[in-house]
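Asker: What follows is a structure written as structure tokens; I'll ask about it next.
The values are calculated or read from the model by the stated rules, or taken from the named source; none is laboratory data. Keep in mind the model is a prediction, meaning the values are calculated, not measured. So basically every Cβ, Gly included, is an ideal-geometry build from the backbone, and we count neighbours across all protein chains shown. Note: accessible area is taken over every heavy atom of the protein model, side chains too, but ligands, DNA and RNA are not part of it. Shrake-Rupley method; radii C 1.70, N 1.55, O 1.52, S 1.80 Å.
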Amino acid sequence: MKLSNTLAGLPSFVRDIIFVVVVVGGVSLVSQALLGLWTPMVAVESGSMVPNMNIGDIIIVQGISRTDVITWEEGEAKGYRSFNNPGDVILYRPYGKKKLGVLDIIPGILGIGSGGDKATPIIHRAMRWVEKGEPMWEGGPPAPFAGYITKGDHNEVIDQMAGRILGVPNYSYIREHPERFRETADGILVDRETGLVIYSQGNTSYVTDGISYLTPVRKEWVIGVARYRIPYVGYIRLIPEMIVDWIRGVI
């Protein structure tokens, strides 16, 4: 029996599901082949890159395995620009945290959070590369490891300066509950429940928050490089999160 005859004998809704699966699978395969990512599109959720990227824009991202990152400093020297400014805009996982998934919306509605070891990826510009021990900004602290210094085009300060020191860590508690903490790089710990970061500098340790406060962005945390922008389409992706925010406000 031919495949077409087999499909014709199925209920219409089953045929529709099969069609959608085939189309989505085909698009994913093409995306992986051309861009190095199964899902190369992300929706902009904040105004940190205005006016070069706006809330609701869809950004097409090329996987980091298929390209190199050109920083602002390198772009200025080479005359290379992307999204109206020197250097590349990169998509990265803050502190190497896992990406929030669709199912994480449910805990958000209930107001119980989705775990501190998950976060929405950040799409900001790579300003420069620093080696371990180099100051992260002029007169700033040394980088705890090599990585990119990043910044939103609309922000006044780099990501590494945008955050807060909340206090000092209780290392006795950390030793008693090692399963709660993940070492992200060179002794820097992420609290899996709260998302707070424990950072040591010299003989002093801090509990901090922020998207990349006091730490550069490691190469392993970079998902890819932004290539194209499609205005407004991303609002379709953001609607569920807007509904979640509204529900939580009502509750």
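Asker: What ranking of Tyr232, Tyr199, Tyr171 comes out by heavy-atom accessible area, probe 1.4 Å, highest first?
Answerer: Final ranking, largest accessible area leading: Tyr232, Tyr171, Tyr199.
Asker: Among the listed pairs Lys97/Lys219; Lys151/Lys219; Lys78/Lys98, give every one whose C-alpha distance is greater than 23 Å.
Answerer: Violating the 23 Å limit, Cα to Cα: Lys78/Lys98.
Asker: Sorted by accessible area (1.4 Å probe), largest first, how do Ser48, Ser65 line up? It would help to have the intermediate numbers written out before the result.
Answerer: Working: Ser48 20, Ser65 90 Å².
From most exposed to least exposed: Ser65, Ser48.
Asker: Quick one: if you stick a label point 7 Å off each Cα along the C-beta vector at Phe145 and Glu193, how many nm between them?
Answerer: 2.5
Asker: Can you compute the FRET efficiency between Asn54 and Ser200 using 1/(1 + (r/R0)^6), with r the Cβ-Cβ distance and R0 = 45 Å? Round to the nearest 0.05.
Answerer: So, using R0 = 45 Å, E works out to roughly 0.75.
Asker: Give, in whole angstrom and from largest to smallest, the semi-axes √(5λ) of the equivalent ellipsoid of segment 120-232, with λ running over the eigenvalues of the Cα gyration tensor.
Answerer: Equivalent ellipsoid of segment 120-232: 26, 17, 13 Å, largest first.
Asker: Leaving ligands, DNA and RNA out of it, rank Asp68, Asp88 by accessible area with a 1.4 Å probe, largest first.
Answerer: Largest accessible area first, the residues go Asp68, Asp88.
Asker: Okay, next question. To the nearest 10 Å², what's Asp209's accessible area with a 1.4 Å probe?
Answerer: 40
Asker: Could you compute the FRET efficiency for Asn85 and His177, with r as their C-beta to C-beta distance and R0 at 35 Å, rounded to 0.05? Show your work: numbers first, answer last.
Answerer: Details: r = 44 Å, r/R0 = 1.25.
Here the calculated transfer efficiency is 0.20.
Asker: In addition: Quick one: net charge around Met161, please, counting Lys, Arg +1 and Asp, Glu -1 for every other residue with C-beta under 13 Å from its C-beta.
Answerer: That sum, taken over residues with Cβ under 13 Å, equals -1.
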